[in-house]
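The values are calculated or read from the model by the stated rules, or taken from the named source; none is laboratory data. Keep in mind that what you see is a predicted model, and the values were worked out from it rather than measured. Glycine also receives a Cβ, built like all others from the backbone with ideal geometry; neighbour counts cover every protein chain displayed.
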Amino acid sequence: MNEMQSYLAFFGLREQPFAPTADPAYFYATREHKECLFRLWNSIDGRHGIAVILGNYGTGKTTLLRKLITGMAANPERYCTGIIGSPIPSWTSFALLESAVAQFGLQPQEKSYVGYMETLNQFLLRNRDRSCTLIIDDAQNLNKRGQLELLRLVQNLETHQYKLLNLVCFAQLEWMDVLRAAPNFAQRINMTYTLGPVQYDETCHFIEFRLHQAGAQPGSGPEFTETALRAIHAYSEGSPRIIVTLCRNAILLAAQLKTFEIGHDLILHTIDKTTLPDPERRARVVAAIAGMVRGGSETEDIDSLVDKAARDQISRDQRAAQLLLRAVREQPIPTMDTL
């Protein structure tokens, strides 16, 4: 039995509940995810054209994408789907067209722009009774005007009632600037949805859901205390990806310590040892824990919650920053004689 199997067996888990991959089986639909999926399916089934899903890193865009693809694959008579994952920023518009055509399994006889467009158009006309959709992940890589103009053109074919090709783009928030600079494309977007951070109650349900999916049983699986959950939410700022990473590292440490209970102290240790140093973010975690105690949610003394080493680390970082700033301010301003 390897190390991972050993610690999963300790908790009675069938598999890793906090794997770093976007497995549709572990998709937990928050309120925002449910609304986003509802609007996406409405746009796709209505064949309304272009839909754009925006969100910061780790907000669940790729998981939504895979959930969408899984639903389409279950009904191939109704849906025809092409997928471009992480397009290369340096692609020309023709390279983008080649990729789009290839995703539908097409091989144009004439290797030219006109040949590719004609092949795609004929394919869409033959499949007019199906909902044909081109999905692009990491669409923020498409930052050239020619690329967006190409997408507008391939999506232009339509009947009097609907578009023959849906276009669904998942992108980082930074893509908004690109869209604003391309009004000819932006004005044709039927639906835009911006994913926000997960709320605290959903963070709790998210973790519970993943543990349940992996086979955790009450009393034998990892048990996160309320202060631990508050700490995880404060550190992650509601980012599903960071929640998953922190939980994965926390249950590994819990297994090494042979404990089923995962408290705030274990989360703080996990933050210190497995994440990039970030005193400000760590201080926010400590404040969240302290707030729980002051609110009477747990009976432990505040000094037992905020370990002295953690507070000293934050204090040292702050003092070092102050000394550096003072040194810079006291340094004489160069004059022409000293240059």
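Which residue pairs have Cβ atoms under 9 Å apart, sit 6 or more places apart or on different chains, and have a first residue in segment 230-241 that is surrounded by fewer than 21 Cβ atoms within 10 Å (Cβ to Cβ) and a second that is among the charged types (D, E, K, R) and in a helix (DSSP H, G or I)?
237/281; 237/284; 238/202
Suppose we filter segment 66-90 for residues that are under 23 Å from residue 124 (Cβ atoms), β-branched (Val, Ile, Thr) and not in a helix (DSSP H, G or I); how many remain?
Of the residues in that region, 3 qualify.
Can you spot a residue in segment 231-247 that is assigned to a strand (DSSP E or B) and either in contact with a strand residue (DSSP E or B) (Cβ under 9 Å, 6 or more places away or on another chain) or over 27 Å from residue 119 (Cβ atoms) (or both)?
In the first step, residues of segment 231-247 are kept if they are assigned to a strand (DSSP E or B); the result is none.
No, segment 231-247 contains no residue that is assigned to a strand (DSSP E or B) and either in contact with a strand residue (DSSP E or B) (Cβ under 9 Å, 6 or more places away or on another chain) or over 27 Å from residue 119 (Cβ atoms) (or both).
Yes/no per residue for (1) touching a Phe, Trp or Tyr at 6+ places or on another chain (Cβ under 9 Å); (2) of a type in the set (Val, Ile, Thr):
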residue: 150; (1), (2): yes, no
residue: 159; (1), (2): no, yes
residue: 171; (1), (2): no, no
residue: 185; (1), (2): no, no
residue: 193; (1), (2): no, no
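Answer with yes or no whether residue 13 is under 30 Å from residue 242 (Cβ atoms) and either buried (at least 20 other Cβ atoms within 10 Å of the Cβ) or free of Cβ contacts under 8 Å to residues at least 60 places away in the same chain (or both). Walk me through it before giving the result.
Details: under 30 Å from residue 242 (Cβ atoms): yes; either buried (at least 20 other Cβ atoms within 10 Å of the Cβ) or free of Cβ contacts under 8 Å to residues at least 60 places away in the same chain (or both): yes.
Spelling it out, residue 13 is indeed under 30 Å from residue 242 (Cβ atoms) and either buried (at least 20 other Cβ atoms within 10 Å of the Cβ) or free of Cβ contacts under 8 Å to residues at least 60 places away in the same chain (or both).
Of the conditions (1) without any contact (Cβ under 8 Å) to a residue 40 or more places away in the chain; (2) assigned to a helix (DSSP H, G or I); (3) of a type in the set (A, V, I, L, M, F, W, C), residue 29 satisfies every one except a single condition; which number is it?
The number of the failed condition is (2).
Would you say residue 63 is outside the structural domain of residue 219 (by TED's automatic domain parsing), outside any loop (DSSP other than H, G, I, E, B) and polar (S, T, N, Q)?
Values: outside the structural domain of residue 219 (by TED's automatic domain parsing): yes; outside any loop (DSSP other than H, G, I, E, B): yes; polar (S, T, N, Q): yes.
Yes; evaluated as a whole, the condition is true for this residue.
Each row is one residue, and each column tells you yes or no for (1) farther than 30 Å from residue 24 by Cβ; (2) at pLDDT 60 or above; (3) of a type in the set (Gly, Ala, Ser).
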site: 244; (1), (2), (3): no, yes, no
site: 248; (1), (2), (3): no, yes, no
site: 268; (1), (2), (3): yes, yes, no
site: 274; (1), (2), (3): no, yes, no
site: 286; (1), (2), (3): yes, yes, no
site: 299; (1), (2), (3): yes, no, no
site: 325; (1), (2), (3): yes, no, no
site: 329; (1), (2), (3): yes, no, no
site: 338; (1), (2), (3): yes, no, no
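Within segment 154-190, how many residues turn out to be closer than 18 Å to residue 42 by Cβ, of a type outside the set (D, E, K, R) and in contact with a Gly (Cβ under 9 Å, 6 or more places away or on another chain)?
So the answer is 8.
For segment 1-26, give me the residue count where each residue is of a type outside the set (A, V, I, L, M) and part of a loop (DSSP other than H, G, I, E, B).
11
Give the residues of segment 91-111 that are in a loop (DSSP other than H, G, I, E, B) and within 20 Å of residue 153 (Cβ to Cβ), sorted by residue number.
Across segment 91-111, the qualifying residues are 91, 92, 104, 106, 108, 110, 111.
Would you check which residues across segment 16-26 are over 13 Å from the mean Cα position of the chain (by Cα) and either at positive phi or touching a residue at least 60 places away in the same chain (Cβ under 8 Å) (or both) and list them?
Across segment 16-26, the qualifying residues are 16, 17, 18, 19, 25, 26.
Please verify whether segment 146-156 includes one or more residues that are under 28 Å from residue 206 (Cβ atoms) and aliphatic (A, V, I, L, M).
No - not one qualifying residue is present in segment 146-156.
Check residue 43 against each of (1) in a helix (DSSP H, G or I); (2) out of contact with any strand residue (DSSP E or B) (no Cβ under 7 Å at 6 or more places or on another chain) and name the one condition it does not meet.
(2)
What pairs come up if the first residue lies in segment 266-280 and is in the same structural domain as residue 254 (by TED's automatic domain parsing), the second is exposed (fewer than 15 other Cβ atoms within 10 Å of the Cβ) and of a type in the set (Val, Ile, Thr), and their beta carbons are under 8 Å apart, counting only those six or more places apart or on different chains?
Within 8 Å, the pairs are 266/259.
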